[in-house]
Amino acid sequence: MRTGHKSSGTVGKALSVLDQVASFERPVRFNDILADSPFPKATLYRILQNLVTEDLLTFDRKWQTYALGVRLVRLAHYAWTQSSLAPVARPHLTSLSKTTGETIHLAQLDGPHVLYLDKRDAKRHITMFSEAGKVGPAYCTGVGKAMLAFLPDDELQRILPQQSYHRFTPSTICSQKELTAELRQIRQHGFALDREDHEPGIICVAVPVLSRSKQMMGAISITSSSARTSLGKLKKFVPDLQGTAGEIASAAEYWRFPDNRKTPESMEI
C-alpha cells in the first residue's frame, strides 16, 4: 500500500481505500482490507459499498471479494490520453526500442513516487518489477533519480523526506544525504544510473525529459540485466536517450499537463 499520502474528507478516504484494494493486486476479502485499514469496520464497509455502487469497485458475492471496477479503466484511459506524456511519447519510445533492442521505460512523478506510463520490452524479454501503470520508488530507480535531480529545489526538499529509503539490494541508497549527493552528480552529468539499486540483476541508464524552459516533465530509461550487458555499454546509449527525450519534449511543448504542486486553495480564481 502506498504511503506518504494523507486522506482528508470523503473523497480522500474513498481514494485511500481504492489505493489499498489496488495494492493487493488480486481480488480481496473485507477482513484482509480491514486488517490494514485506518478506518473503523463500519466506516470501511460504508466506503466499500459506495465504491461498488459507483462501479469503482466490483463485489463477487460467491467469493466475497472486492476488486477494482471497470469504471476505473475508462478513467485511467482518459488520464493516460489527456494528462500524461504517454501519447506523444509513444512513437519515439518505439523508435528507441528498435535502435537499442533493450527495454525502454517512460515515467512521471506521482507525488514522491514514480509512475510508469509506458514500456517497450527488449528483443529478449527480461522479467522485472516495472510495468505501465505500476508505482515504484523514486530514490532507487533510474527514472526516479533522473527526475528528482532536475526538480526545483523547493519541490525537491519537500519530496526527499517522503522517500522510504528501504534497502532492496546491497546497492540501494538508504539515506537522504547519500541520495542528495548522487542527485548533484546526475544534474552535472545529465543522466542517472540504476546499479541494481531496486532489483538484483537489473541495471539502467535514464535521462529527464525537460521542456525548453527546463521544466521537468518526466524521464525515459534503457534497462537491461547485468547478466546480459554492463552499465558501461548502456551508457553508450546516453546520446540516443537524450535525443529521444528532446524529441518527446518538443512534441509535448504545447501539451497541457496538470501541475501537481498546486491545490485548489492555491490556484487563482
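The values are calculated or read from the model by the stated rules, or taken from the named source; none is laboratory data. All values reported here derive from a predicted model rather than from experimental measurement. Every residue, glycine as well, gets a Cβ built from its backbone with ideal geometry; the counts of neighbours run over all protein chains shown.
Points worth noting:
- Output for the stretch 10-43, where each listed residue is of a type in the set (F, W, Y) and assigned to a helix (DSSP H, G or I): F30
- Residue among R90, R74, R46 that is of a type in the set (D, E, K, R), assigned to a helix (DSSP H, G or I) and touching a strand residue (DSSP E or B) at 6+ places or on another chain (Cβ under 9 Å): R90
- Residues (farther than 19 Å from R71 by Cα, aliphatic (A, V, I, L, M) and at pLDDT 90 or above) located in the stretch 1-52: I33, L34, A35, A42, L44
- Reported count of residues in the stretch 108-131, each being touching a residue at least 40 places away in the same chain (Cβ under 8 Å) and either hydrophobic (A, V, I, L, M, F, W, C) or on the phi > 0 side of the Ramachandran plot (or both), is 7.
- Qualifying residue in the stretch 122-132 (condition: assigned to a loop (DSSP other than H, G, I, E, B), modelled with pLDDT under 90, under 8 Å from the mean Cα position of the chain (by Cα) and farther than 23 Å from K236 by Cα): no
- Residues of the stretch 133-163 that are touching a strand residue (DSSP E or B) at 6+ places or on another chain (Cβ under 8 Å) and basic (K, R): K134, K145.
- Taking every residue in the stretch 5-16 that is closer than 19 Å to L34 by Cβ and surrounded by fewer than 16 Cβ atoms within 10 Å (Cβ to Cβ) and pairing it with any residue that is of a type in the set (K, R) and at pLDDT 90 or above, at least 6 positions away or on another chain, the pairs with Cβ-Cβ distances below 9 Å are S7/K13.
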